[in-house]
Amino acid sequence: MLKNFLIIDIGTSSIRGLLFDSNGQDLYKTQLKYKPEYLNDGGVVQDASTFLTYCIKVCSDCAKFANEKQLKINAVSMTSQRSSLIPTKNGIPTDKAIMWQDTRVNSLVKQYQSYNDFFIERSGSQLNAVYLGAKISWLKENKPEIYNDSDKMLNIPSYLIYHMTGEYVMDTTYGSRTNLMNIRSLEWDLDLLKILEIDKNKLPRITNPGVSCGKITKEFAELSGLTEGIPLISAGGDQQCAAVGEGLLSNDTVSINTGTGGYVIKNIDHLPELPTRRLIYNCSAVPGKYILEIDLLACSSILNWFIDNFYDPKKDNFEEINKDIASCYGKNISVTAIPYPKGKSVEENDTRIRTAFTNIGLSTTKKDMLYALMTSLFTEINDGIDILRSHGLVSSVIIGGGLTNSEIMNQMQADAYNLEIKRTPVIEATAIGALISVLVAQHVYKTFEEAYSKIVHGQYITYKPNVKNIQFQNEFNDRKGELYKVLKGTKAGYYKVEN
């Protein structure tokens with residue numbers, strides 16, 4: 001008999017509720033959109049209560065559909081954006097949520113640069129402005145009354161889990177995005193907490209992904225229409241779940257997700273003795289595994305910027321964009337570009353550098369500039385793949401995200417990486433990853449591999465590198481590297497120059 005599961009997927013711009021059965025059949029989907037508030041000082045905030053209000057609404061919509069179709073929801077699985085901060089007291093937000101994109105924390109991160117190697121060794125990453133630890137420390141320093149009045153510092157899933165189950169819980173995939181959890185012991189690290197002067201009692205307890213965080217309470221059941229007592233599974237962070245949903249289950253494959261930001265991920269079974277600054281070490285959504293992660297600060301947002309400024313914003317430009325890029329494919333475009341509208345993150349943490357174009361002549365067209373910009377993005381991703389190769393074989397790449405809707409850009413990726421790449425057949429990769437997690441947790445299937453094989457239907461689309469274009473990719477990457485070296489540390493390379 002088929003079981004049914006509710007997946008709650010919390011993104012940067014929307015929250016979704018999706019109903020699946022244990023064969024992977026999607027039964028119903030509902031979505032509510034929201035928008036963060038962007039402040040002049042670099043702050044990005046949002047009314048934290050929106051997440052709870054919208055969570056109740058999507059649960060209610062899914063419960064109503066299930067009741068109408070006489071379907072029983074057996075469990076709830078949650079996946080979320082990973083690094084937004086909600087300070088609370090007795091579960092009630094004491095301030096607006098500080099979103100993951102907030103850049104006010106950058107100045108604080110610089111104060112702790114001398115601890116970077118220690119943070120890498122203990123937490124898996126140097127102190128990162130995106131992560132929760134720096135945000136909590138910034139809040140304590142800049143809004144001490146909010147910090148002192150709050151009894152818990154939560155991310156979005158922990159905030160919702162509390163209201164759904166009454167438990168303060170954070171799974172290790174999110175814990176490894178705080179700079180506060182010891183990446184080896186999987187516990188809050190007292191030394192790291194001491195450095196940032198954060199009270200451990202203000203943090204939720206840590207658990208593994210794929211286990212029950214608690215059961216739906218009577219109060220939340222009355223608000224949402226869900227059945228009291230069904231388990232809530234924390235499936236893991238959105239990028240970890242997306243990697244699972246795309247089929248990243250072996251250690252010799254790399255997953256590349258080209259969303260607003262880009263994420264390059266590889267599985268490993270054991271952490272290296274000596275972590276490197278060039279990688280982020282996170283816990284996987286698969287219990288007991290780790291992922292090596294490289295984050296690009298901007299990815300499909302680069303293309304969106306170019307479209308907004310060089311194409312007609314009143315019409316759908318998808319077909320024209322692909323045609324323009326295809327017209328340049330295979331040609332030795334002389335324009336050089338570096339793809340850093342929000343800074344460089346592969347190999348170096350250079351947040352001040354910005355995008356640049358060189359070798360623009362009177363014959364240069366916007367097609368040339370677009371092709372150069374996207375080529376520079378894909379060669380930058382390949383620089384990341386080269387770093388991952390130092391941790392083992394990379395034999396193929398799975399691609400997902402917005403840019404994979406373009407056939408020509410998929411081929412450009414294969415050329416840039418000089419690897420066979422596979423476009424996943426999964427559209428809802430993050431939700432499918434969360435579904436796989438709950439299916440294994442509820443003993444419907446024994447392993448993640450078995451669950452994936454049973455619920456994912458459709459074939460990968462494969463792209464092989466075009467040997468005729470690989471030389472251009474290599475030459476272009478050399479030019480891109482030289483351009484960055486020239487601009488690095490100069491006023492010409494900076495968007496803002498401090499007095």
For this session: Would you mind stating whether residue 314 is more than 24 Å from residue 475 (Cβ to Cβ), among the basic types (Lys, Arg) and surrounded by fewer than 22 Cβ atoms within 10 Å (Cβ to Cβ)?
Result: yes
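Residue-by-condition table, conditions (1) aliphatic (A, V, I, L, M); (2) out of contact with any strand residue (DSSP E or B) (no Cβ under 8 Å at 6 or more places or on another chain); (3) more than 21 Å from residue 342 (Cβ to Cβ):
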| position | (1), (2), (3) |
| --- | --- |
| 374 | yes, yes, no |
| 382 | no, yes, no |
| 402 | no, no, no |
| 405 | no, yes, yes |
For this session: Just name the residue that is most open to solvent (accessible area, probe 1.4 Å) out of those in the range 153-195 that are aromatic (Phe, Trp, Tyr) and within 22 Å of residue 112 (Cβ to Cβ).
Result: 188
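Has the range 99-108 got at least one residue that is charged (D, E, K, R), closer than 29 Å to residue 41 by Cβ and surrounded by 22 or more Cβ atoms within 10 Å (Cβ to Cβ)?
Yes, the range 99-108 contains at least one residue that is charged (D, E, K, R), closer than 29 Å to residue 41 by Cβ and surrounded by 22 or more Cβ atoms within 10 Å (Cβ to Cβ).
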For this session: Scan the range 212-235 for residues that are in a loop (DSSP other than H, G, I, E, B) and hydrophobic (A, V, I, L, M, F, W, C) and jot them down.
Result: 216, 226, 230
For this session: Scan the range 120-130 and give yes if some residue there is hydroxyl-bearing (Ser, Thr, Tyr), within 22 Å of the chain's Cα centre (by Cα) and either under 22 Å from residue 294 (Cα atoms) or modelled with pLDDT of 95 or more (or both), otherwise no.
Result: yes
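If you take the residues of the range 126-147 that are of a type in the set (Ser, Thr, Tyr) and touching a Lys or Arg at 6+ places or on another chain (Cβ under 8 Å), which of them is surrounded by the fewest Cβ atoms within 10 Å (Cβ to Cβ)?
In this case the residue turns out to be 147.
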Exercise. Looking at the range 63-102, which of its residues are within 27 Å of residue 239 (Cβ to Cβ), without any contact (Cβ under 8 Å) to a residue 60 or more places away in the chain and in contact with a helix residue (DSSP H, G or I) (Cβ under 9 Å, 6 or more places away or on another chain)?
Worked result: 95, 97, 98
For this session: Filter the range 303-328 down to residues that are more than 26 Å from residue 469 (Cα to Cα) and assigned to a loop (DSSP other than H, G, I, E, B) and give me whichever is modelled with the highest pLDDT.
Result: 311
For this session: Kindly establish whether residue 150 is surrounded by fewer than 19 Cβ atoms within 10 Å (Cβ to Cβ) and over 16 Å from residue 42 (Cβ atoms).
Result: no
Exercise. Does the range 279-302 contain at least one residue that is part of a helix (DSSP H, G or I), buried (at least 22 other Cβ atoms within 10 Å of the Cβ), among the hydrophobic types (A, V, I, L, M, F, W, C) and in contact with a Pro (Cβ under 9 Å, 6 or more places away or on another chain)?
Worked result: yes
Exercise. Which condition number in (1) of a type in the set (A, V, I, L, M, F, W, C); (2) closer than 25 Å to residue 189 by Cβ; (3) surrounded by fewer than 22 Cβ atoms within 10 Å (Cβ to Cβ) is the one that residue 92 fails?
Worked result: (2)
For this session: Might you check whether a residue that is touching a His at 6+ places or on another chain (Cβ under 6 Å), more than 23 Å from residue 134 (Cβ to Cβ) and not β-branched (Val, Ile, Thr) occurs anywhere in the range 45-52?
Result: yes
Problem set entry | Of all residues in the range 374-387 being aliphatic (A, V, I, L, M) and surrounded by fewer than 23 Cβ atoms within 10 Å (Cβ to Cβ), the one that is nearest to residue 474 (Cα to Cα) | 385
For this session: Name, by its number, the condition in (1) among the hydrophobic types (A, V, I, L, M, F, W, C); (2) under 19 Å from residue 299 (Cβ atoms); (3) touching a residue at least 12 places away in the same chain (Cβ under 8 Å) that does not hold for residue 427.
Result: (3)
For this session: Scan the range 28-38 residue by residue and report those that are open to solvent by 40 Å² or more (accessible area, probe 1.4 Å) and in contact (Cβ under 8 Å) with a residue 12 or more places away in the chain.
Result: 28, 29, 31, 32, 33, 35, 37
Exercise. Taking interchain pairs and intrachain pairs at least six residues apart, which have beta carbon atoms under 8 angstrom, with the first residue in the range 348-370 and on the phi > 0 side of the Ramachandran plot and the second open to solvent by 30 Å² or more (accessible area, probe 1.4 Å)?
Worked result: 359/334
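Take the range 53-74 and flag every residue that is open to solvent by 30 Å² or more (accessible area, probe 1.4 Å) and either at pLDDT below 95 or part of a helix (DSSP H, G or I) (or both).
Scanning the range 53-74 gives 53, 54, 56, 57, 60, 61, 64, 65, 67, 68.
Residue-by-condition table, conditions (1) open to solvent by less than 30 Å² (accessible area, probe 1.4 Å); (2) modelled with pLDDT of 95 or more; (3) closer than 19 Å to residue 451 by Cβ:
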site	(1), (2), (3)
218	no, yes, no
221	yes, yes, no
243	yes, no, yes
247	yes, no, yes
251	no, no, yes
257	yes, no, no
273	no, no, no
Problem set entry | Cβ-Cβ under 8 Å pairs, at least 6 apart or on other chains, the range 312-323 side among the polar types (S, T, N, Q), far side open to solvent by less than 70 Å² (accessible area, probe 1.4 Å) and part of a loop (DSSP other than H, G, I, E, B) | 317/311; 322/406
Exercise. Which one is nearest to residue 8 (Cα to Cα) among residues in the range 230-241 that are within 15 Å of the chain's Cα centre (by Cα) and open to solvent by less than 10 Å² (accessible area, probe 1.4 Å)?
Worked result: 235
Exercise. Which number in (1) part of a strand (DSSP E or B); (2) within 16 Å of residue 428 (Cα to Cα); (3) out of contact with any Lys or Arg (no Cβ under 9 Å at 6 or more places or on another chain) marks the one condition that residue 263 misses?
Worked result: (2)
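The values are calculated or read from the model by the stated rules, or taken from the named source; none is laboratory data. Note that this is a predicted model, so its numbers are computed, not measured. No Cβ is skipped: glycine too gets one built from the backbone with ideal geometry, and neighbour counts run over all protein chains shown. Just so you know, the surface numbers come from the protein's heavy atoms only, side chains and all, with ligands and any DNA or RNA stripped out. Shrake-Rupley method; radii C 1.70, N 1.55, O 1.52, S 1.80 Å.
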